[in-house]
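The values are calculated or read from the model by the stated rules, or taken from the named source; none is laboratory data. All of these numbers come straight from a predicted model, not from anything done at the bench. Using ideal geometry, Cβ is built from the backbone for each residue, glycine included, and neighbour counts are taken over all protein chains shown.
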Amino acid sequence: MSRKKVFAISGSTRASSTNLNLLKAIARLAEDKFSISVFDGLADLPHFNPDHDNDNPPKEVLAFRNQLRECDGILICTPEYAMGVPGTLKNAIDWTVSSMEFAHKPTALITASTSGQKGHLSLVETLKVIEADITDETQLVISFARTKINHDCQVTDEKTLGEINLLIDAFDKLISNVKSK
């Protein structure tokens, strides 16, 4: 069976962020199930402007939307900034509201931050409004993430590793269920 195509988005624009390291760790942990492509253009997306959200959006937006359409599932790993969703991530999602790339798309969300609870809840509500296919099993909050994921892209905390593996299995099943419909 071929690996499922997963489009991964780090909510941090930092070059070697904990969230990017976590995406790389997941890519290794799930390499038998997923082919993970990490989006590197989050900071390049223009500020959302409804006047430009039409049949001819900016080329960066068009490329982002196409990658979302072509994948089997979306994996978001994000920090929490000021108790909320990072602005660049929210901006990217705003560009998909009218074009509906998230609608009925299997989605997994990991908030890896110092705390993460408030930003996570906010982003889950946004994903539900845009009809992303997200379940309780495809969500995870990793508090104090910097102490659990190292710079070598390894999950060093056994409990967190177990939770990530459960999320990977749930995400795999969710994608399989959607693909079989």
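Per-residue answers, yes or no, for (1) modelled with pLDDT of 95 or more; (2) among the hydroxyl-bearing types (Ser, Thr, Tyr); (3) over 21 Å from residue 21 (Cα atoms); (4) surrounded by 14 or more Cβ atoms within 10 Å (Cβ to Cβ):
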residue	(1), (2), (3), (4)
124	yes, no, yes, yes
129	yes, no, yes, no
138	yes, yes, no, yes
141	yes, no, no, yes
160	yes, yes, no, yes
163	yes, no, no, yes
177	no, no, yes, no
181	no, no, yes, no
Open item on the list: Looking at the stretch 64-94 only, could you name the residues that are within 15 Å of the chain's Cα centre (by Cα), in a loop (DSSP other than H, G, I, E, B) and not β-branched (Val, Ile, Thr)?
Closed with: 71, 72, 79, 80, 86
Open item on the list: Residues that are among the polar types (S, T, N, Q) and touching a Gly at 6+ places or on another chain (Cβ under 6 Å): does the stretch 90-97 have at least one?
Closed with: no
TODO: Please specify each residue of the stretch 28-49 satisfying the condition of being farther than 30 Å from residue 161 by Cβ and either in contact (Cβ under 8 Å) with a residue 40 or more places away in the chain or touching a Lys or Arg at 6+ places or on another chain (Cβ under 9 Å) (or both).
DONE: 45, 47, 48
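Residues are listed down the side, and each one gets a yes or a no for (1) modelled with pLDDT of 95 or more; (2) out of contact with any strand residue (DSSP E or B) (no Cβ under 7 Å at 6 or more places or on another chain); (3) under 24 Å from residue 137 (Cα atoms); (4) not polar (S, T, N, Q):
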residue	(1), (2), (3), (4)
24	yes, yes, yes, yes
37	yes, no, yes, no
46	yes, yes, no, yes
52	no, yes, no, yes
61	yes, yes, no, yes
68	yes, no, yes, yes
71	yes, no, yes, yes
83	no, yes, yes, yes
88	yes, yes, no, no
Open item on the list: Against the conditions (1) in contact (Cβ under 8 Å) with a residue 60 or more places away in the chain; (2) closer than 24 Å to residue 114 by Cβ; (3) not β-branched (Val, Ile, Thr), where does residue 166 fall short? Just the number, please.
Closed with: (1)
Open item on the list: Can you tell me which residue is surrounded by the most Cβ atoms within 10 Å (Cβ to Cβ) among those in the stretch 35-58 that are within 14 Å of the chain's Cα centre (by Cα) and closer than 23 Å to residue 113 by Cβ?
Closed with: 36
Open item on the list: Can you pull out every residue in the stretch 143-175 that is in contact with a strand residue (DSSP E or B) (Cβ under 8 Å, 6 or more places away or on another chain), outside any helix (DSSP H, G or I) and closer than 19 Å to residue 34 by Cβ?
Closed with: 149, 155
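Report the residue count in the stretch 68-99 for those that are within 18 Å of residue 175 (Cα to Cα) and either acidic (Asp, Glu) or surrounded by fewer than 17 Cβ atoms within 10 Å (Cβ to Cβ) (or both). Explain how you work it out, then say what you get.
Filtering the stretch 68-99 for residues within 18 Å of residue 175 (Cα to Cα) gives 68-77.
Among the residues that remain, those that are also either acidic (Asp, Glu) or surrounded by fewer than 17 Cβ atoms within 10 Å (Cβ to Cβ) (or both) are: 69-70, 72.
Summing the residues that are within 18 Å of residue 175 (Cα to Cα) and either acidic (Asp, Glu) or surrounded by fewer than 17 Cβ atoms within 10 Å (Cβ to Cβ) (or both) in the stretch 68-99 gives 3.
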Open item on the list: If residue 61 meets every condition in (1) surrounded by 15 or more Cβ atoms within 10 Å (Cβ to Cβ); (2) in a loop (DSSP other than H, G, I, E, B); (3) of a type in the set (A, V, I, L, M, F, W, C); (4) over 13 Å from the mean Cα position of the chain (by Cα) apart from one, which number is that one?
Closed with: (2)
Open item on the list: Residue under question is residue 102, and the condition is that it be part of a helix (DSSP H, G or I) and among the aromatic types (Phe, Trp, Tyr); does it hold?
Closed with: no
